[in-house]
Amino acid sequence: MVAVYPGSFDPITYGHLDIITRASKFVDTLVVAVLNNSAKSPMFSVEERIVMLKKTCADLGLKNIKFTDFSGLLIDFAKEISANVIIRGLRAVTDFEYEFQMALTNRSLNSSVETLFISTSTQYLYLSSSVVKEVAILGGDISFMVPAIVGDEIKKKLEKIKREA
Ligand code: COA
C-alpha cells in the first residue's frame, strides 16, 4: 500500500512525527508531501521543510518514507504517485469538520483513493506549527514541541529576520 501524508509542515512538529511513525507501520511506502502553496507566507521554504523532515525521520530510523513537494490538487498528486490512501491526523473535534470536508471532496473527485484518519497522541492534541512559531518568537521553550534540529533552524531563522529588520 502506498499512502500520502500531505501538509504544510512549516515546520514539522512532534505531532506530525507521531502520525508519520504510526502510519509508516501499516503502509508499504509513505510519501510525505509538502504543499507548495504560494498563497501562504511560510517561515521555511519548501526545500528547507523537506530537509528538516528527512533529518528528523532519519533520526527515528524510519526507512519506508519518501519526501517530496506537490502543488495543485492532492487527489491528482496521489494518482501520479499511485497512492491509494491519504493519511491525515485528527487532533480535536475542531479538526473534524475541515478534515471531513476535505475527505469528501477528495472522494468525490476520485473514489478509488481513501482517506484514513489517525488520532493524534494526547500529548500533541494542542500542537500546531503556528503555536510552535508563536512561542519561539516570544522567547518560550519549544524543546518539547519540535525535535532539536528543528528548534535550531527556527532559532537561526529568527536571528536572520532580526538582523535584516
Ligand atoms: N500534529 C501537529 N500539528 C498538526 C497535526 C498533527 N498531527 N495535524 C495538523 N497539524 C497542524 C499543522 O501544523 C498546521 O498548523 P498551522 O495551521 O499552524 O500551520 C495545521 O494543523 C494545518 O495542517 P496541515 O497538515 O499543514 O494541513 P493544511 O491544512 O495546511 O493542508 C492539505 C492540508 C495540504 C492536505 C490541503 O490543503 C490540500 O490537499 N491542498 C491541495 C489542494 C487540494 O487538493 N484541495 C482540494 C481538497 S479540499
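The values are calculated or read from the model by the stated rules, or taken from the named source; none is laboratory data. Just so it is clear, the structure is predicted and the values come from calculations on it, not from any experiment. Cβ: placed from backbone, ideal geometry, glycine included. Neighbour counts: every protein chain shown. These accessible areas exclude ligands, DNA and RNA; they are computed on the full protein's heavy atoms, side chains included. Shrake-Rupley method; radii C 1.70, N 1.55, O 1.52, S 1.80 Å.
For the peptides 39-45, 79-85, the ranking by packing is 79-85, 39-45, with the highest mean count of neighbouring Cβ atoms within 10 Å listed first. Cα centroid separation, segment 32-51 to segment 86-131: 19 Å.
Against the main long axis of the alpha-carbon atoms of the chain, helix 14-24 sits at an angle near 30°. For segment 2-125, a simple Cβ point-charge model (Lys and Arg +1, Asp and Glu -1, everything else neutral) yields a dipole of about 240 debye relative to the Cα centre.
Relative to the longest principal axis of the Cα atoms of the chain, helix 46-59 runs at roughly 90 degrees. When a 1.4 Å probe is rolled over the protein heavy atoms, the share of accessible surface on segment 2-125 that falls to carbon and sulfur comes to 53 percent.
Run through all the Cα pairs of segment 2-125 and give the fraction in each 10 Å bin from 0, expressed as whole percent. Result, from short to long distances: 13, 46, 38, 4 percent. Non-local amide H neighbours of ASP69 (under 5 Å, H modeled in plane, Pro and chain starts lacking H): which ones? Under 5 Å from the amide H of ASP69 lie the amide H atoms of VAL34, each far enough along the sequence or on another chain. Could you pull out the pairs from LYS40/LYS157; LYS66/LYS155; LYS54/LYS155 whose alpha carbons sit more than 23 Å apart here? The pairs that break the limit, which is 23 Å between Cα atoms, are LYS66/LYS155. Per residue, segment 2-125 exposes an accessible area of 53 Å² to a 1.4 Å probe, with every protein chain left in place.
Considering only ILE75, PHE100, VAL51, the residue lying farthest towards the positive end of the dipole of segment 2-125 is VAL51, judged by Cα position with unit charges set on Cβ.
With the charge dipole of the chain set up from +1 on Lys and Arg Cβ and -1 on Asp and Glu Cβ about the Cα centre, the Cα lying farthest toward the positive end among the listed residues ASN37, LEU90, VAL132 is that of VAL132.
Around the amide H of ILE118, modelled in the peptide plane, lie the amide H atoms of ARG88, GLY89, LEU90, all under 5 Å away and 5 or more residues distant in sequence or on another chain. Evaluated with a Cβ-only charge set (Lys, Arg +1; Asp, Glu -1), segment 1-74 carries a dipole of roughly 160 debye about its Cα centre, given to the nearest 20. Taking every DSSP beta bridge that has both ends in the chain, the antiparallel portion is near 0%.
Using helices alone, what [θ] at 222 nm do you get for the chain, with -39,500 (n - 2.57) per DSSP H run of 4 or more residues, divided over all residues and rounded to the nearest 500?
-14500 deg cm²/dmol
Taken over segment 107-150, the alpha-carbon convex hull comes to 128 cubic angstrom per residue.
If one takes the longest principal axis of the Cα atoms in the chain, at what angle in degrees, from 0 to 90 and to the nearest 10, does the Cα axis of helix 93-109 lie? It works out to around 50 degrees.
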